[in-house]
Each structure stands twice: as C-alpha cells, then as structure tokens.
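Input: a single structure, listed below in structure tokens.
The values are calculated or read from the model by the stated rules, or taken from the named source; none is laboratory data. This one's a predicted model, so the numbers in the text were calculated from it and none came from an experiment. Reconstructed Cβ throughout: ideal geometry from the backbone, glycine too, with neighbour counts over all protein chains shown. For the accessible areas, the whole protein counts, side chains as well, though only heavy atoms, and no ligand, DNA or RNA atoms are used. Shrake-Rupley method; radii C 1.70, N 1.55, O 1.52, S 1.80 Å.
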Amino acid sequence: MSDKNMRAEITRRSLAGASLCVPVLVVIISWLAWRDALPAELASHWSGSGPADDAMAVGTLLALNLALSGVPAVAGVAVSFWPGISARARRGTYFFLGVFGGMGAVTWLLSAGLTMQVGDPYEVVLGPWVIVSIVAAGYGLIPFAISPKPRFEATDVARRFEFAPSETGAWSQTITGNMFAWVAIGLIVLGSVIYGPAVIDGRVSDQFFGIAVMGAAILLVASFIRLRVTADWRGLRVVSAIFRIPLKRIRLEAIDMIEAAELRPTEWGGWGYRIMPGRSAVILRKGPGLIVTTTNQKQFAITLDDPETPAALLATLRDGNSAAPGDSKEVTS
C-alpha cells in the first residue's frame with residue numbers, strides 16, 4: 001500500500017472513530033442544557049402504546065445512557081488505532097458500536113425531553129416517537145460508511161464446460177437448513193409465551209407492533225428452511241422453496257470471479273444467513289461452498305454439496321457472454 005493510501009485509510013479510520021463520540025457528546029451537552037429543568041424522575045419504560053409504566057432517577061438514567069453511548073465511543077477510538085484488525089472486522093465493529101451509541105443517545109433524549117414536556121413521568125406517552133428510537137439504531141451506518149472498505153481476495157475457478165454453439169447449461173440444487181427450522185420453532189414458542197396472554201385477553205391492539213415484528217421474523221427465518229439454488233444463463237439465483245420468494249440474485253454480467261472453496265462459519269460471521277460489510281452468506285455447515293465476487297467488489301457465499309459444478313458453469317457462461325437460453329443442457333457433477 002502506498003503512503004498516500006495509507007494516510008487516507010488512517011484518516012478515514014480516525015473519522016469513523018470520532019463519529020462514535022458524537023452520541024455521548026449529545027447526551028452530555030443536552031444534560032448540561034437541561035439539568036436545571038429536569039424533574040427528579042424520568043420516564044424509562046413503556047410496555048405498549050400507552051403511558052410509561054416505569055421511571056428512573058435522573059442520575060441513574062443519565063449514568064445508564066452515558067455508559068451505553070460512552071463505551072462505544074471509547075471502544076471505537078481504540079479500534080481505530082489498534083493494529084492487526086482487518087478492515088472487514090473493523091467496519092463490522094464500527095457498525096455495532098454505532099448501533100448501541102445511537103440508541104443510548106436517543107433513549108436519553110426521548111426520556112428527558114418528553115418528561116420535561118409532560119411533567120409527570122408516568123403520563124409520558126411514547127407514541128410515534130418509537131420510530132425515532134428504532135431509526136437510532138441506524139447510526140451504526142455512519143461510522144461503517146466512513147471506514148475504509150476491505151480489499152477482497154478472490155480467485156477464479158479453472159474448470160470450464162464445452163457447449164455446442166447453440167447450447168447453454170443449467171444447474172440446480174435444493175438445500176435444507178435444519179437450523180432455520182429449529183430457529184423458526186423457537187421463535188413460535190417464544191412468541192406464544194410473550195404475546196399469548198395478550199391474545200387470550202383480547203389485548204392484541206396493545207401488542208400489535210410486537211406481534212407483527214415477531215410474525216415477520218418467523219416468516220423470514222422459515223423462508224430459509226429449504227432453498228433452491230440455480231445457476232444458468234441468468235446468473236446465480238437463490239429462491240425460498242417454501243414461499244417461492246427470491247432471496248438472492250446475481251446477474252451473470254455482474255459476476256467477476258467464482259470459486260469453490262471450503263467455507264468456515266467463523267470467516268463468514270457464524271452460522272445461518274449472515275450480512276456483513278460488503279459480504280453476505282448462507283452458511284449451513286462447515287465445508288464446501290460457492291463464493292461469488294461481483295464486479296462492484298461484493299461477495300456472496302453459500303454452502304453447497306457440489307460447488308465445483310455451478311462454479312465451472314457460471315464461469316463458462318460468463319466467459320461466453322451467454323445472454324439467451326438457446327438449447328438448455330442440464331449440467332451435473
């Protein structure tokens with residue numbers, strides 16, 4: 001790496017770390033501006049869409065949110081200058097630290113600001129402000145976007161198929177993710193325990209948001225229980241075999257490199273469907289899988305029993321610039 005690129009990377013890392021200090025500064029500055037007007041207690045918890053059902057002393061809530069926003073600030077500065085951390089790991093750390101920092105600052109602002117307006121902390125209604133508290137988690141995107149992008153290392157598969165001039169190839173495989181099935185069952189049980197009493201008592205409207213989020217999470221996880229993976233002249237596609245919903249599509253012309261490799265969950269963020277800075281993956285086990293690097297330097301990996309065949313097929317079709325199905329020929333290992 002040249003000195004100029006090194007200086008640019010250090011500058012961006014420093015700015016990313018500095019951006020994580022903003023939430024804790026917001027908490028401190030707002031407390032200094034409001035301290036003479038703050039009541040003894042502030043609203044601190046809401047169970048539904050009605051008034052707050054719990055309150056905390058100003059000092060306790062302030063200390064809690066200073067910790068929630070201050071720890072990410074200190075950690076962010078340390079991560080910016082700590083040697084030996086990869087760009088990918090650093091960006092991911094920035095994001096998660098920003099999530100906690102943003103939530104800590106907004107939690108303090110909403111609790112203090114709304115309580116000052118109403119007076120009685122138990123009369124504070126969060127109402128549409130709940131949207132702000134959810135959006136605050138997106139603060140992690142700011143240091144994530146500022147920090148330097150990782151440099152991907154990728155190789156291209158060497159194997160190719162031979163097709164007649166009028167032929168093209170197609171390959172497909174259905175994979176089962178048992179872990180997604182167990183997670184879906186666990187979410188159903190958890191949702192029944194948490195929201196079952198409200199449904200039985202006819203209080204669905206009070207818990208509607210939570211029920212909707214839980215239902216969406218169950219459907220999302222269930223969509224990954226059985227996946228249909230297809231490689232042909234259109235590119236790589238991953239479709240939920242249960243709901244027929246397309247989950248991932250990489251067009252053939254967007255593919256830069258394809259490789260069959262051993263996938264290790266620790267290198268892709270763990271098991272399941274993982275989304276990381278510039279990378280995403282469906283990891284069902286440790287073992288063989290397909291890695292596709294796109295022309296905009298993003299990577300997608302998926303666990304497959306026979307990744308060499310779709311890798312060779314996609315490389316063949318990409319090199320031949322195949323744009324129409326012609327006489328389709330099923331490709332097998």
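Values as computed for the structure displayed
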item: Hull-based mean projected area of the range 149-188, where the convex hull spans the alpha carbons, in square nanometres; result: 7.0
item: Charge dipole (debye, nearest 20) of the range 194-245; +1 at Cβ of Lys and Arg, -1 at Cβ of Asp and Glu; result: 380
item: Sulfur and carbon atoms: percent of accessible area, the chain [1.4 Å]; result: 63
item: Residue-count net charge about Ala78 - beta-carbon cut-off 14 Å; Lys, Arg +1, Asp, Glu -1; result: +2
item: Whole-number D in µm² s⁻¹ for the range 232-321, Kirkwood Cα-pair radius fed into Stokes-Einstein, 20 °C, 1.002 mPa s; result: 162
item: Degrees between helix 308-320 axis and first principal axis of the chain (Cα, 0 to 90, nearest 10); result: 80
item: Nearest 10 degrees, 0 to 90: helix 58-81 Cα axis against the chain principal axis; result: 40
item: Charge dipole magnitude, Cβ of K and R +1, D and E -1 - the range 30-141, Cα centre, debye nearest 20; result: 780
item: Reference-scaled alpha-carbon Rg (2.2 N^0.38 Å with N residues) for the chain; result: 1.25
item: For the range 134-224, with +1 on Lys and Arg beta carbons and -1 on Asp and Glu, the positive-most of Leu141, Thr176, Ile200 along the dipole; result: Leu141
item: Distance histogram for the range 220-275 (every C-alpha pair counted, 10 angstrom bins, percent rounded to whole numbers); result: 20, 44, 36, 1
item: Listed residues Ile211, Ile245 arranged by accessible area, highest first, probe 1.4 Å; result: Ile245, Ile211
item: Cα centroid separation - the range 49-78 against the range 250-288, whole Å; result: 36
item: Between helix 22-34 and the chain: long-axis angle, C-alpha atoms, 0 to 90°, nearest 10; result: 20
item: 30 Å Cα cut-off, lysine pairs counted over the chain (separation 8 or more, or different chains); result: 10
item: Base-10 log of normalised Debye intensity for the range 1-125 (one unit scatterer per alpha-carbon) at q = 0.13, 0.23 Å⁻¹; result: -0.59, -1.19
item: Peptides ranked, highest mean first, by Cβ atoms within 10 Å: ranges 179-187, 122-130; result: 179-187, 122-130
item: Accessible area per residue, Å², the chain with all protein chains present, probe 1.4 Å; result: 53
item: Rounded to the nearest 20 debye, dipole of the chain from Cβ charges on Lys, Arg, Asp, Glu; result: 780
item: For the chain, built as a Gaussian network whose Cα springs stay under 10 Å, the top-fluctuating residue of Thr107, Thr295, Thr230; result: Thr295
item: Segment Arg249-Asp36, length gained on full extension (0.36 nm per residue, minus Cα span); result: 71.1 nm
item: Listed peptides 12-22, 30-40, 306-316 by packing density, highest first (mean Cβ within 10 Å); result: 306-316, 12-22, 30-40
item: Helix-only [θ]222 nm of the chain, DSSP H runs n ≥ 4, -39500 (n - 2.57) each, per residue, nearest 500; result: -15000 deg cm²/dmol
item: Solvent exposure, largest accessible area first (probe 1.4 Å, DNA, RNA and ligands not counted), of Glu162, Glu262, Glu41; result: Glu162, Glu262, Glu41
